[in-house]
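The block underneath contains the structure these notes are about, expressed in structure tokens.
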Amino acid sequence: MSDPSVFLDVLRSRVREHALTSPSRRVPMTSSTTSTATPPHHVFQQGLEEVKLSKTDLNAVIMDYLISEGYPSAAQKFAHEANIEPALDVDSIQERVEIREAIDSGDIQTAIEKINELNPLVLDRDSALHFALLRLQLIELIRKATATQDGDITPALTFATTHLAPRAPTNPEFLEDLERTMALLIFPPDTLAPPLAALLDPALRQEVAQRVNQALLLSQGERTKATLYDLVNHRSWAHQKALEAKKELPERMDLGLDPAQNGHEGSPNGAPPSHQHNGQGDAMATGWGPY
């Protein structure tokens, strides 16, 4: 997507859908009785269409998501389109973006340096997060060493001995994580058991990056998670309760993600792309991340 407008359109649609189906916005649903001709719209969908949401509230939820998740360019564009003036600290958001991008690319040393420049107390006060970053840095050294048959494992061993071994005895989980990570040096990368292979999965970088983002937000006195995630969880809870009560629900609830409806093409497999760039430096998420 070269223009964040497409992303914002999708985000508006998803926020509205999740808000409408949260517990406080649930519409009446009737139990299934006798079969009748399928109406043009399911009664549940008709109920959603009849509910009027505050545009101000929707805009606030969207802006909160863009700021919390670190999309400064999209946040600025949305503020202009919605004609709102949020307390938008672009520099602060961009700093979090740069830290996230460093972790996602495997440059953990740069990420740690940037975190300390922004607020050195973040890692001093959160030993678990600091250890997670150091372990991730060790994993990157091991990844590099085992990429070739004659790779040098000395840097990885030195780093583990200097930075991780002194911290491991202070917490049983630290010790277990270090032992599991060092096992990557023993087994060939293509024969790793699932628990070890997961350490080399890019998803671990994303998980640590999310933890760092939340810690930085907390240090700045902000919410650690966007309100939108609460709406998603409420929607999931309401849906589960409706199923348990055997309420009649449509087989498919449209979230506005159909490429034809949104005026853009999806990914090659037909699903919406999970991360795309808007051409202005933001990594745009058109699919929800892990909750």
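No value in this document is a laboratory result; all are computed from the given coordinates. In this text the structure is predicted, and so the values were computed from the model without any measurement. Methodologically, a virtual Cβ is constructed for each residue, glycine included, from the backbone with ideal geometry; neighbour enumeration extends over all protein chains shown.
Things worth noting here:
- Label-point separation in nm, Glu173 to Ala147, each point 7 Å along Cα→Cβ: 3.1 nm
- Cα centroid separation, segment 147-177 to segment 201-230 (Å): 25 Å
- Across segment 238-246, rounded Karplus estimates of 3J(HN,Hα) from the backbone phi angles (6.51 cos²θ - 1.76 cosθ + 1.60, θ = phi - 60°) give 5, 5, 5, 5, 5, 5, 5, 7, 6 Hz, Gly and Pro being marked x.
- Between Glu117 and Leu196, the FRET efficiency estimated from the beta carbon spacing at R0 = 25 angstrom works out to 0.15.
- Ranked by the mean number of other Cβ atoms within 10 Å per residue, highest first, peptides 100-106, 63-69 order as 63-69, 100-106.
- Separation in nanometres of the label points that stand 7 Å from Cα toward Cβ, at Glu207 and Ser127: 2.1 nm
- Each peptide in 171-180, 201-210, 133-142 receives the mean, over its residues, of other Cβ atoms within 10 Å, and ordering these scores from highest gives 133-142, 201-210, 171-180.
- Modelled this way, with points 7 Å down the Cα-to-C-beta line, the labels at Glu85 and Thr162 are 5.1 nm from one another.
- Karplus-derived 3J(HN,Hα) values for segment 208-221, using 6.51 cos²θ - 1.76 cosθ + 1.60 with θ = phi - 60°, are 5, 4, 5, 5, 5, 4, 5, 5, 5, 4, 4, 5, 9, x Hz; glycine and proline are entered as x.
- Whole-Hz ³J(HN,Hα) from phi, Karplus 6.51 cos²θ - 1.76 cosθ + 1.60, for segment 99-107, glycine and proline x: 5, 4, 5, 5, 5, 4, 8, x, 8
- 18 Å tail of the calculated P(r), segment 163-222, as % of Cα pairs: 54 percent
- Distribution of pairwise C-alpha distances over segment 121-261, 10 Å bins, in %: 9, 28, 24, 19, 15, 5, 0
- Pairs of Cα atoms farther than 22 Å apart, segment 101-195, %: 31 percent
- Pairwise FRET efficiency - Leu243 versus Ala183, Cβ, R0 = 25 Å, nearest 0.05: 0.05
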